[in-house]
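So the structure is just underneath, and the comments pick up after that.
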Amino acid sequence: MQFSLKSTLWYPQYKIWKKSSAARQNGALPPGVKLAKDLKPEKFGANRDYRNRRDAYLLRPETVESVFIMWRVTGDEVWRERGYEIFKAIERHTKTEYGYASVSGVDKEEPLKQNSMPSYFLAETLKYLWLLFRDNDNRYDLDKIVFNTEAHPLPIFTWRKDEIEQFKIPT
């Protein structure tokens, strides 16, 4: 199958693939997509199918949160392995004498540390890493709780039978 060379970005290639007969083959994966077990994190270099719009890591939790959710949903240990690589990178590149620092120049071997450690790093990023490596004791069952934007577990609300009747809630 021939794909356009006009764009090296993944999404335009995906749209072309989706319209092709290759997309309808049983078990077919889009170009550039591999099963999680086959992926290996790439270090520095230009052999990626993405580019950084911003070369900074501000200690944000979203990636670690996604890795945690993927591990809990799939049970695939590859997500814990990815989380551990993220943890090691955080330790190696952002740790300071008194805490952790946001960094710029993430594509460089030694990113530049900023004089900033946002509170969400402790409240969210490290919490998701802790949850990722915590033994699965079902205390945080994702069918029974949801994490709010600050990574606090909240029970999923359900109506009791008497409330359904009292408030005439359709079921």
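The values are calculated or read from the model by the stated rules, or taken from the named source; none is laboratory data. Predicted model only: the values in this text are computed from it and were never measured. Cβ: placed from backbone, ideal geometry, glycine included. Neighbour counts: every protein chain shown. Side chains included, ligands, DNA and RNA excluded: accessible areas come from the protein's heavy atoms. Shrake-Rupley method; radii C 1.70, N 1.55, O 1.52, S 1.80 Å.
Structure notes:
- DSSP-loop trypsin sites (Lys or Arg not before Pro) across the range 79-171, with at most 13 other Cβ within 10 angstrom: Lys108, Arg134, Arg139, Lys144, Arg160, Lys168
- A crude spin-label estimate for the pair Arg72 and Ala89, with each label 7 Å from Cα along the Cβ direction, gives 2.2 nm.
- Accessible heavy-atom area order of Arg54, Arg72, highest first, probe of 1.4 Å: Arg54, Arg72
- Modelled spin-label separation between Ser20 and Ile164, with each label point placed 7 Å from Cα along the Cα-to-Cβ direction: 4.9 nm.
- Val146 contributes an accessible area of around 80 Å² to the protein surface, as traced by a 1.4 Å probe with all chains present.
- If you plug the beta carbon distance of Lys108 and Asp143 into 1/(1 + (r/R0)^6) with R0 = 45 Å, you get a FRET efficiency near 0.60.
- Solvent-accessible area of Ile69, all protein chains in place: 60 Å² (probe radius 1.4 Å, heavy atoms, ligands and nucleic acids excluded).
- Heavy-atom accessible area with a 1.4 Å probe sorts Thr125, Thr96, Thr74, largest first, into Thr74, Thr96, Thr125.
- Exposure check, 1.4 Å probe, all protein chains in place: Leu142 carries approximately 50 Å² of accessible surface.
- Calculated FRET value between Arg54 and Asp135, using beta carbons and R₀ = 22 Å, to 0.05: 0.05
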